[in-house]
Structure formats: C-alpha cells, structure tokens
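Inspection log for the structure reproduced underneath, given as structure tokens.
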C-alpha cells in the first residue's frame, strides 16, 4: 500500500510564493492498495491535480471517502474529470447530516446546482454511487477495509482507518480533542469528564497500532486559545495522541492557511523541541503536496 | 359561546410555551454563547431533552453507541450539532398534538410549516441574515397556533366551526365568532402574551388576515404573504375556505413582486416541505 498527498492545506486553498514548498491545495489523499485499488480520502482542491494523472487508467473505479462536507474537503469534486467520462465508476462515501437532514448524495449534488457549477449531476456520464455511512461501518474494497469513527468537529465528521495486508493508515479528517466545557468547580465537571475520557479513549483504541497517522494540525499552542472550539488540533496534542496510540509515523496536515512554508517549519521544530523524540517514539513529519509514502 | 373572562380562563389552562424554547432562541442568537448555558437550558426541559436524545439515537446519526444524556450527546456529536437540533426541534415541540378527535390537525400543522418555510424564504429573498430568517420561520410556524389551540381543546365545537365555514363559504375567523364567540386571532394573541413571546410574534399571531396600512413590519408582511401563498398553492390546509386573490399594493412594493412572481421564486418548496414532514413523522412515530 502507498499514499500520496495531493492537498495538505486547511480551510481554504492558498497558492502563492510563500506556500510553494508544502503546497496550497486543500485536503486530498490518494491511497493505492497492493492490488492498485484507488481510495481517495477527501475531495479538496488537491483532487483536481490527482484527476489529471488518472487518464491512462480509464475506465476506473474510484472509492472516495469524505470525512465531512465543509468546503475545503469537497471543493475539488465538481472538477474530478473521470466523473464526466462514461465507463468510470465513482463510489462516494460519507456521513448523513442530521441538521440539514440530507444524506451524502443530497449534500454533494447540491454542489452541482446550476448557480454554482455549469454541469448538472444528471449530465455526468460516469456511474455515481453514494453510500451514506453509519459510524464504524466497514467497507470492503478487495482485500482492503475502510472503517470510520466519529471525530469532534462542528459537523458530523468521520476519521477513517484503512487496513490492507497487515498495513494500516488512520486519517483524522478535521478533529479537535474534546475539552471540558465546565470549570473544575462546577458540579457537572466530573460527569462531563467521564464522557470525555470515554470518547477520547474510544478514538485512541480505534487508532491504536496503525503504521501511519495523518492528523489535522491546524494550530500551534499559541494559536489554540483563541480558536478553541473551532474543531482543529495542535502539534502537541497530535504528538501525544500518536505516542499513546503507538503509531510509527505521524504526518501533520491541514496546515493553517495563513502559515507560510517558513512559519510552518518553525512551528514544527518548536513543537519537536517541546516534545523531543525518545526511543520508540513515532517519526514526525510535515505532510507535503506531492509526497509519496510507501508502507 | 365564550365570554372574554371564560376565554382568558381557557387560555390559562392551555399548556405553557416551554420557556426553554424562547431562552434557546435568545441564547443562540449570540454565536459565542457558552455551551454549558445551552446544556443547562435543555436539561431543565425534560420533553426537549427526551426529543433530542431520541433524535441523536435515531438512525439519522448512525452512532455506534447509545447516548443517554445531553452532556454525553454534546461529547459525541458536538455542541454545534446539538444547538442546531434544539433550534429545529424547539418550535415543533409546541405544535405537538394528539390527533384522535382532530382529524384536520395534520393539515393545519402542515399549513403552519409551509407558512414557516415560505416566510423564511421571503426573508432570505429580502437579504436578511440566517439568524433573522429563523425568526421568520418560527413566526410562520406559530401564526395559527390560536386555531390549533382551540381545535385541540374544543375539538367537537371546532369541527362544527370548520364545517360551518365550508358550508356557508365564510372566512374561518368569522365562523369561529359565530360558534365560539371568539376567533383564533384573539386566542393566538392571548397565548402569545401568556408565553411572553416578542411583540412582533404577538402581532403576527393576532392579526394575519386583515392587512392594514398602519403596519410597518417586514415580518408581519411576510407572514401575511406566506399565508396567502400557502393557501393559493394548496400546501396543507388552514381550514379557511376563503382565498384572497392578490397581495395589497404596499406589500407588493415592499417585496418588489406580485403574488404569482413570488410563487415562482419558491424553488424546491416541495423538497423543503417533504423534509419537514419526514422529520415530524419520524419524531411522532418515536413517541408511539
């Protein structure tokens, strides 16, 4: 199994001279199994560049897993060229939105309304299949399995674990570790704490033992207090998570859109200085557009 | 026939507007509201708590774990989701009913939802924010609550009233005056005052049939218009056999369109209504 990062930026695409090294496209990760099955995690703007490489393989079947439907994770979808071409099969997986009461098909076909995009869904020539997932539902793709868990973000958002021939990857999607909304002096503090521990523990168990953890790392410790509750995590939190889960490699992704390449590397090194690597600790890396990782 | 005193007594015996609903609406108008304040309000209302838990545990969410408290729900699906669910459920909570003696209630409820959905559409069309548009939805949902309250608490008499209006082809509020001595506008306004609703809501519930020049509020104009549109296109049934054919000129000027043109802008009303209906049925069937 191998993976390739096509988009590592959070929130909004940020092309320009200060993001040339790590890239300005929003979230999109390509995974190839040993059987060359194509799994794509999220459809941010990086999906367009990925689509351009797929022509030699057409017709193809593509298994797309959407963590959640905020713009930066779906904006590339209308520009996924294989969906216009007959013979291709696009299987799109994601969560139900209980607030808008829309399943993944309704949400994504909304993107193809005429006021947003000139091609309507009915005009797409590929075969589109939508699969609305329940939590912890497992999807089998050949000998590979993809299972999800609900993470913490201001919309229902899934993290995905991909397993194939004994190798495994977990992608958090957008996620903020749970925090207690009560003060220690409040009566409710302890009860809430118990629920939090339970939820954090279930996420940890779900991730445990994966080879590669790809984690939303939008913020530094300094950024976080102002952005608490926005649904994103920090370098330090993810280092702690990766160590506790016993992963081999941790990729920091969803880079904050105002952070330049230099500032990103500075934030990364400062985090490593605060959390020096001990023997047995995971390897820490910054996700970079175009980077390929073999498992 | 009811005297004014008896009417006040009747209204006094009707269910209180859950205070949680207006408090949630006020609290969440501030985007930075404290999550724990929201939880506290919800937990103080056992009915709302039950509804939220039923919904969070429904197949919509597809959670792998049973959720048994609001705090736990917040941990598992997030405060934002709970906040938005509460905002959706709260106004519907008021319209909950028992349908045995009130066969037309479902249609009235559907009409009320249609007026809510259409007036929210009109608000958005006037470039109001989402928060402001929510008020239009709630006001539309509540505009006929006086009627539904009369129907719910005096089902036999009210069935006769519906029959009389249809037979004589007179406006429903006039038939009410004949059979009950009061009309749903008066009852609606009294209930709205009892529930301490905003003045604007009281005005909408107390007067949405006779348009007067003295009005200046966009909300009241939109409720009046939405009511007319819902009747014209026949979504739900308010029970009123009389249909006003067009909008008063000042409303046309304010909304910058005539009635047929406004109807043309509704877009996927059927879809919106279907969602509201599915949601309500899901919600009622959970209670069985």
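Annotations for the structure displayed:
- Of all the residues in the stretch A:72-94, those that are farther than 14 Å from residue A:41 by Cβ and touching a residue at least 40 places away in the same chain (Cβ under 8 Å) number 8.
- Scanning the stretch B:34-64 for residues that are under 23 Å from residue A:100 (Cβ atoms) and more than 25 Å from the chain's Cα centre (by Cα), we see that the one that is farthest from the other protein chains (Cβ to nearest Cβ) is B:57.
- Condition met for residue A:229 (on the phi > 0 side of the Ramachandran plot, at pLDDT 95 or above and either surrounded by fewer than 24 Cβ atoms within 10 Å (Cβ to Cβ) or part of a loop (DSSP other than H, G, I, E, B) (or both)): no
- The one condition from (1) under 30 Å from residue B:153 (Cα atoms); (2) touching a helix residue (DSSP H, G or I) at 6+ places or on another chain (Cβ under 6 Å); (3) within 14 Å of chain A (Cβ to nearest Cβ); (4) at pLDDT below 80 that residue B:24 does not meet is (3).
- Within the stretch A:77-110, tally of residues that are at pLDDT 95 or above, crowded, with 20+ Cβ neighbours inside 10 Å and either within 13 Å of another protein chain (Cβ to nearest Cβ) or assigned to a strand (DSSP E or B) (or both): 4
- Scanning the stretch A:177-209 for residues that are at the interface with another protein chain (Cβ under 9 Å from one of its Cβ atoms) and within 22 Å of residue A:255 (Cα to Cα) gives a single hit, A:178.
- Single match in B:102, B:134, B:81 (criterion: on the phi < 0 side of the Ramachandran plot, at pLDDT below 80 and part of a helix (DSSP H, G or I)): B:134
- Checklist (1) under 13 Å from the mean Cα position of the chain (by Cα); (2) touching a residue at least 60 places away in the same chain (Cβ under 8 Å) applied to residue A:175, failing item: (2)
- Applying the set (1) more than 11 Å from every other protein chain (Cβ to nearest Cβ); (2) buried (at least 16 other Cβ atoms within 10 Å of the Cβ); (3) at pLDDT 95 or above; (4) out of contact with any helix residue (DSSP H, G or I) (no Cβ under 6 Å at 6 or more places or on another chain) to residue A:147 leaves exactly one unmet item: (1).
- Of all residues in the stretch A:111-123, those satisfying the criterion of being without any contact (Cβ under 8 Å) to a residue 40 or more places away in the chain and either surrounded by 13 or more Cβ atoms within 10 Å (Cβ to Cβ) or more than 12 Å from chain B (Cβ to nearest Cβ) (or both) are A:111, A:112, A:116, A:117, A:118, A:120, A:121, A:122, A:123.
- Test: residue in the stretch A:184-199 that is under 23 Å from residue A:65 (Cβ atoms) and crowded, with 16+ Cβ neighbours inside 10 Å: yes
- Being within 11 Å of chain B (Cβ to nearest Cβ), in contact (Cβ under 8 Å) with a residue 40 or more places away in the chain and touching a helix residue (DSSP H, G or I) at 6+ places or on another chain (Cβ under 8 Å) is true of residue A:229.
- Top-ranked residue in the stretch A:1-23 [being over 12 Å from the mean Cα position of the chain (by Cα) and in a strand (DSSP E or B); ranked as surrounded by the most Cβ atoms within 10 Å (Cβ to Cβ)]: A:3
- Residues within the stretch A:267-292 that are under 20 Å from residue A:226 (Cα atoms) and under 23 Å from the mean Cα position of the chain (by Cα), tallied: 3
The values are calculated or read from the model by the stated rules, or taken from the named source; none is laboratory data. The structure displayed is predicted, hence computed values, not measured ones. Here the Cβ is made from the backbone with ideal geometry for all residues, glycine too, and neighbour counts use every protein chain on show.
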